[in-house]
1. How many lysine pairs does the chain hold where the Cα atoms are under 30 Å apart and the two sit 8 or more places apart or on different chains?
2. Cβ neighbours within 10 Å, averaged per peptide: list 226-239, 254-267, 76-89 in order, most packed at the top.
3. Cα convex hull of region 222-317: how many Å³ per residue?
4. Averaged over every viewing direction, what's the projected area of the C-alpha convex hull for the chain? Give it in nm², one decimal, please.
5. Out of the DSSP beta bridges found with both residues in the chain, what percent are antiparallel (nearest 5)?
6. What ranking do 168-177, 192-201 get when scored by the average of other Cβ atoms within 10 Å per residue, highest first?
7. Using alpha carbons only, how many angstrom separate the centre of region 177-251 from the centre of region 111-176?
8. Label point 7 Å out from Ala292 along Cα-to-Cβ: which residues of region 309-342 have amide N under 19 Å?
Amino acid sequence: MDLWNLEPVTLAPEFDILRRDVRAFLAEELSMGRITPRCDQWLGGWDPAFSRRLGERGWIGMAFPARYGGSAAGALARFVVTEELLAAGAPVAAHWIADRQSGPGLLRFGTEEQKQAYLPGIARGECFFAAGMSEPDTGSDLASVRSRGRRVQGGWRLGGTKTWTSGAHRAHAMIVLVRTEPRTADRHAGLTQFVVDLPDPDVHVRPIRLLTGEHHFNEVVLDDVFVPDARVLGEVGAGWRQVTSELAMERSGPERILSTFPLLDVAVDHLSQQGKGPDTARVGAAAGRMWALRQLSLAVAGRLEAGVAPTVEGAVVKDLGTRFESTVIDTVRLLSQVLPDPGSDQRLPRMLAESILHSPGFTLRGGTNEILRGVVAKELGAR
């Protein structure tokens, strides 16, 4: 494993111009009252109109070639844009999965027809995806997939249940992982990915609500749903290789670090306005940890830019980032001594409450910490 030898990435000067452009756009959005900063907006901030405005500026599908509607700016440019959006607490959930992993997966493994069918809409901020991976009673152990696909004339019939499927009740399509061959000693063999267009009468989406009552996660039942051969993603039986490549993108981005950053930002402002000043030691510790994690995430983005799928490195970013998200909440509670209140008109108590209520889901999305540590330990043991 090359984790400990990740090359540091220094962003080129032209990215400073891009960063300023994004900040100016966000300032205008805020001044016009179009968006309200919140924490965890890559899960909870579903705003298709905002996604379309980003698409108009070429800030979705930045790693897609121009012939598929993208800007071909690359993974590092996308890192800069998403970092600014997340730090500002902007509502990016609608296009997030499509831009982060489904689109790149289609670009790498899809047919030309599939690319033409989905990628331009993703880049415009008009086509949204869900990811059908996890299943009930299996946690983050994707190799234990029990959903099955069987060949029929002209395609496949899929049956099974997926869970923790973010945005499936609003998505236009979902990439699902199912078993298409009998299970053998090699649990990773015989898995295949399919693109399922939504809505579909044989796909039943049931809400899994957060403690807040919000509906982001879902249980998705595939009730013998028909999928044509044209919607097989990649090779039949090669689903494990494909999905691990997808997970590298899902686990390694700045969202694993910045979900609760808007809360820390608001807390520091709150304390300064009260004339108390923040506890520099605590804030400095959080900022230092965040910066180290950012550098690791940026280094992984550099690998993605080079066409490498850094699976293990992504698992490390996700594990450490998930723990940092919760550390920010604890730090703000100690610093501010403010009671969380989801109904408050004031930003700090409201955002603190939202972060606390969202925090049980931090470890679920993208794989639990225990599974991720197993991924890393297995790689270290193979050295």
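Laboratory data are not the source of any read-out in this text; all were calculated from the coordinates shown. As the structure is a prediction and not an experimental result, all values here were calculated from the model. Every residue, glycine among them, receives a Cβ derived from its backbone with ideal geometry; neighbour counts consider all protein chains shown.
1. Numbers: Lys115/Lys162; Lys115/Lys318; Lys162/Lys318; Lys162/Lys378; Lys318/Lys378.
Final tally of qualifying lysine pairs is 5.
2. On the way: 226-239: 18.1, 254-267: 25.0, 76-89: 23.1.
Per-residue mean Cβ counts within 10 Å order the peptides as 254-267, 76-89, 226-239.
3. Details: hull volume 15.0 nm³, N = 96.
Once divided by residue count, the hull of region 222-317 is 156 Å³.
4. Working: hull surface 76.3 nm².
So the Cα hull casts an average projection of 19.1 nm².
5. Working: 29 of 35 bridges.
Expressed as a percentage, antiparallel bridges in the chain total about 85.
6. Details: 168-177: 23.8, 192-201: 19.2.
Most protected by this proxy first, the peptides run 168-177, 192-201.
7. 4 Å
8. In region 309-342, the label zone of Ala292 (backbone N under 19 Å from the point 7 Å along Cα→Cβ) covers 313-332.
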